[in-house]
1. Can you give the accessible area of residue 434, probe radius 1.4 Å, in Å² rounded to 10?
2. Over the heavy atoms of residue 256, what accessible area does a 1.4 Å probe trace out, to the nearest 10 Å²?
3. Between residue 152 and residue 449, take the C-beta separation as r, use R0 = 60 Å, and let me know the FRET efficiency to the nearest 0.05.
4. What does the helix-only formula give at 222 nm for the chain: each DSSP H stretch with n ≥ 4 adding -39500 (n - 2.57), the total divided by the residues, and the result rounded to the nearest 500 deg cm²/dmol?
5. If you average the C-alpha positions of segment 480-507 and of segment 412-459 separately, how far apart do those two centres end up, in angstrom?
6. What list of ³J(HN,Hα) values in whole Hz, one per residue of segment 372-382 in order, does the Karplus curve 6.51 cos²θ - 1.76 cosθ + 1.60 (θ = phi - 60°) give from phi, with Gly and Pro shown as x?
7. Would you list which lysines come within 26 Å of residue 122, measuring only between C-alpha atoms, while excluding same-chain residues fewer than 8 positions from it?
8. Taking the Cβ-Cβ separation of residue 422 and residue 496 as r and a Förster radius of 25 Å, what is the calculated FRET efficiency to the nearest 0.05?
Amino acid sequence: MSNIKPEDFFKNIISHSKEYGFIFPSSEIYDNGLSAVYDYGQLGAELKKNIRDYWWKAMVQMNENIVGIDSAIFMHPTTWKASGHVDAFNDPLIDNKDSKKRYRADVLIEEHVAKIEDKINKEVEKAAKRFENFDAAMFRSTNTRVKEYQDKIDAINERFKTALNANNLDEVKQIIVDLEIVCPISGTKNWTDVRQFNLMFNTSTGAVTDETNIIYLRPETAQGIFVNYLNVQKTGRMKLPFGIAQTGKAFRNEIVARQFIFRMREFEQMEMQFFVKPGTEMEWYEYWKQTRLKWHLSLGLGAEKYRFHDHLKLAHYANAAADIEHQFPFGFKELEGIHSRTDFDLKQHEQFSGKKLQYFDPELNQSYVPYVVETSVGLDRLFLSILSSALKEESLEGGDTRTVLSLPPALAPYKAAVFPLVKKDGLPELAESIMKDLKFDFMMAYDEKDTVGKRYRRQDAIGTPFCITVDHQSLEDKTVTIRDRDTMKQDRVAIDKLHSILTEKTSLQSLLRKL
Ligand code: GAP
C-alpha cells in the first residue's frame with residue numbers, strides 16, 4: 001500500500017478483513033476470541049471457496065489421472081503411529097525465563113539468518129543503484145562483504161541441520177546462545193533448555209477416557225489419502241502414475257501461533273499425493289514443483305513474490321523437499337510444500353496394518369509399493385497471500401485516494417454489482433431484472449444506497465471486478481455502463497452482452513486456460 005508504512009500494512013490487512021466481513025477472530029465475543037483460530041465471514045467464505053474450487057479444478061478436473069476424495073478427520077490411532085507423527089511430529093521449543101514467552105528454537109535461528117539475508121539484499125540494492133548494467137548474480141558471488149555474510153549463513157545452516165538431524169537439542173540451544181539471540185519481548189538471553197513438543201491434538205471416543213480410546217485430530221490430510229490408496233486404485237482402476245487429491249481441515253497445536261491466518265491451530269489443507277513408479281520420483285518431483293509454481297503465477301499477483309526454498313532438514317518421510325515461498329507482508333515464508341515422500345508412508349501402513357498396499361505393474365509383471373510425490377498447500381495461507389498482494393491504497397487524480405482489492409476476478413466474492421443510478425423512474429426494477437438474470441451463473445451484489453461514487457468505493461474495497469449502472473438511457477436503448485475495478489474505465493454495453501462479458505472475464509475457465 002503506497003501511502004502506508006510497512007509496519008502498519010499487516011495491521012491494515014487484519015482490520016480490512018474484519019471491517020468488510022472476510023475474517024473474524026473465532027468466538028470473538030468471549031475475551032476477544034480464541035488464539036490462532038479464525039472464522040471466515042460472508043465474503044471470506046466466498047473467496048476461500050473460489051480459491052479451493054480453482055485448486056480442485058486445476059488438480060482434479062484438468063487431470064484425467066488425478067481423482068479427489070474426502071476422508072474423515074478422525075482416523076484409527078495406529079495411523080499416526082505408522083506415519084511417525086506420534087513419535088516425530090515435534091517442534092523444538094524454548095522459553096525465555098524473563099518474559100516467560102515461548103518460542104520455536106528453529107524459528108529463532110531462521111529469523112536470525114533472515115536478518116543476515118536482509119543485509120545481503122541491502123548491499124545488492126545499494127550496488128544496483130551505483131552501477132549501470134548491474135549483474136546481481138556476479139555481485140553476490142564476488143563482493144567480499146556479501147561473501148562474508150553468505151559464509152556466515154551457510155555455517156549457521158550447516159550447524160543447525162547437523163544438530164537437528166542428530167536430535168541434539170543441547171547443541172540447538174548452544175547455537176541460540178552463540179548467535180546471541182535475544183528475546184524480542186524481554187531483550188534478554190536468559191533461555192531455558194530446548195525441548196521437543198508434539199503438535200497433535202487428541203481427544204477420546206466413547207464415554208470412558210483411557211489410553212486405549214485416544215484419537216487424534218489429523219495434523220495433515222495426507223494420511224487419509226494413503227490409507228485409501230488401494231480402495232481408490234482398485235475401484236477407480238487407476239494406473240501409475242496417478243494422483244489422489246483432497247481438501248480438508250487439519251489441526252496442529254502450534255507453539256507460536258501468530259501472524260493472523262498464516263499459522264493457525266485449525267486450518268485447511270489442499271493436498272495431492274501422486275503415486276509413481278520407484279525411480280521416477282525425482283522427475284515427478286521437478287514436474288510438480290514447476291506445475292504448482294505456474295498455478296500460483298497464474299493468479300497474476302507478481303512473479304517476484306514467489307521463490308523456491310529447498311529444505312535443509314528433510315521431514316522423516318522425504319528424500320527431497322522444497323517450499324514455494326511467498327512474499328508476505330512480514331517477508332518470504334512457506335506457502336506450499338512439494339515433497340518426495342518415497343514409499344515411506346505406504347510401507348509403514350503395510351507394516352502396521354498387516355495389509356499389502358502395492359501396485360501390480362502389468363508391464364513389469366510384478367507388484368511393488370509406489371513412490372509418492374506430494375503437493376501440499378494451506379488454503380488459509382493461500383488466502384492471506386492473495387489478500388495481502390491484492391490490497392492497495394491508490395492515489396487518484398485530484399488528491400483523492402481509494403482502497404481497492406485487486407483480486408483475480410475469478411476468485412472475487414462478487415463478480416459484479418448492479419446499481420440503479422437513482423431509486424425511481426423504473427431504474428431499480430430494470431436493475432433488479434438484470435440481477436435476477438445474471439445470478440443463476442454469477443455471485444451478484446445489488447446496491448442502490450448513496451451516490452454511485454460511494455457505491456463504487458464499497459465494491460472496490462471488497463474486490464468486485466465490475467459495477468453495472470442502470471441509467472435513464474438504459475430504459476430507452478437497453479444498454480448499461482460497466483465499470484472496470486482496476487482501470488476505473490466505463491464502457492456502455494448492451495444488457496444482453498453482460499452474461500458473455502462476465503463469463504469471459506470472471507470465470508475460473510479464464511484462469512485454467514493459463515495453466
Ligand atoms: N502433508 C504434508 C504437510 O502437511 P506441511 O509443510 O507441514 O506439510 C503443508 O504443511 C502446508 O500446510 C504448508 O505449506 C502451509 O501452507 C500449511 N500449514 C501448515 N501448518 C499450518 C498452520 N499451522 N496454519 C496454517 N497453514 C498451515
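1. 10
2. Taking all protein chains as shown, residue 256 has close to 20 Å².
3. The calculated FRET efficiency here is 0.50.
4. Mean residue ellipticity at 222 nm (helix-derived): -11500 deg cm²/dmol.
5. So the two Cα centres are separated by 13 Å.
6. Per-residue couplings from phi come out as 9, 10, 10, 10, 9, 10, x, 5, 5, 5, 5 Hz.
7. 5, 11, 147, 152, 305, 333, 392
8. 0.60
The values are calculated or read from the model by the stated rules, or taken from the named source; none is laboratory data. Source: prediction; values computed, not measured. FYI the Cβ positions are ideal-geometry reconstructions off the backbone, even for glycines, and counts take in every protein chain you see. Surface areas here come from the heavy atoms of the whole protein model, side chains and all, with no ligands, DNA or RNA. Shrake-Rupley method; radii C 1.70, N 1.55, O 1.52, S 1.80 Å.
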